[in-house]
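Below you'll find the structure, written out as C-alpha cells, and then a few comments.
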Amino acid sequence: MSYRTLEVWRLAREASVAIHKMTLTKLPKFEMYEERSQIRRSAKSIRANIVEGYGRRCYKLEFIKHLVYAHASCDETTDHLETLFETGSLADETLYGQLLAKLDLLGRKISRFIDSVEAGHRSPK
C-alpha cells in the first residue's frame, strides 16, 4: 500500500497543483516574492506532511503529528488565499471560490483522517 492510495493525499495533490497554476497565471508580478511563494510553499507542505506521516505510520504519534502539520498548512494556505483575494491580487472570484472550497474539503478530510488514526490505528502493510 502507498500514500498515493490515500484520499487526503490525492486531494492535497490536486489543491497544490491548482494553487501553483493559479500563482503562475492569476497574480500580479509584484506578488512573486510575497504571497505567491508563501502560498505555494504552504500548499506543497500539506501533501509533503501527509507523505512523511504515512512513512512513519508504524508510530501512531508521529503519524498524527504530521497529519496535524498538514492540517495547519491547509489552514495557512487558506489564509494566504483569502489575503490574495481581499487585497485584490487575486481578482478572479470564481477561481477563488473553487480553491477555497477545495481547501475547505481537504481540511475537513484531514480532520476526519486524524480522528480515524487516533481511534483505530493499525499499521497498514
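Count of lysine pairs in the chain with Cα atoms under 29 Å apart, counting only pairs 8 or more residues apart in sequence or on different chains?
Lysine pairs meeting both conditions in the chain amount to 22.
What order, most packed first, do the peptides 26-36, 48-58 have when packing is the mean number of other Cβ atoms within 10 Å of each residue?
Numbers: 26-36: 14.7, 48-58: 18.5.
By packing density, highest mean first, the sequence is 48-58, 26-36.
Restricting everything to alpha-carbon atoms, can you work out Rg to Rh for region 69-109 with a Kirkwood hydrodynamic radius? Display every interim value, and only then the final one.
Details: Rg = 10.2 Å, Rh = 10.3 Å.
Across region 69-109, the Cα-based Rg/Rh ratio is 0.99.
Taking only Cα atoms, what is the 0 to 90° angle, nearest 10, from helix 93-120's long axis to the longest principal axis of the chain?
Taking the Cα atoms of the chain, the angle to 93-120 is about 10 degrees.
Could you tally the net charge around residue 34, taking each other residue with its Cβ under 15 Å from the Cβ of residue 34, Lys/Arg +1 and Asp/Glu -1? Can you show the working numbers first?
Working: positive: 26, 29, 36, 40, 41; negative: 31, 35, 76, 79, 82, 86.
That works out to -1.
Just add up the charged neighbours of residue 9: K/R +1, D/E -1, any other residue whose Cβ is under 13 Å from the Cβ of residue 9. Could the numbers behind the result be given before it?
Numbers: positive: 4, 10, 13, 44, 47, 57, 109; negative: 7, 14, 52.
Local charge sum for residue 9: +4.
With label points built 7 Å along Cα→Cβ from the Cα atoms of residue 30 and residue 14, find their separation and express it in nm.
3.5
Here are some values of volume of the Cα convex hull per residue in Å³: [x] 99; [y] 85; [z] 196. Which one was computed from this structure?
Computed from the coordinates, volume of the Cα convex hull per residue in Å³ corresponds to [y].
Report the full-extension gain for the segment residue 2 to residue 59: residue separation times 0.36 nm, less the Cα-Cα distance, to one decimal in nm.
18.9 nm
For the residue pair residue 92 and residue 116, what label-to-label distance in nm results when each label sits 7 Å from Cα along the Cα-to-beta-carbon direction?
Between residue 92 and residue 116, the label points sit 3.1 nm apart.
Quickly estimate the mean residue ellipticity at 222 nm for the chain, helices only: each DSSP H run with n ≥ 4 gives -39500 (n - 2.57), and the total goes over all residues, rounded to 500. Working shown, then result.
Values: 4 runs with 95 residues, N = 125.
Rounded to the nearest 500, it is -27000 deg cm²/dmol.
Read-outs: derived from the displayed coordinates by stated rules, not from any lab. Treat the numbers as computed from the prediction; the structure is a model and nothing was measured. As a convention, Cβ positions derive from the backbone with ideal geometry for all residues, glycine included, and neighbour counts pool all protein chains shown.
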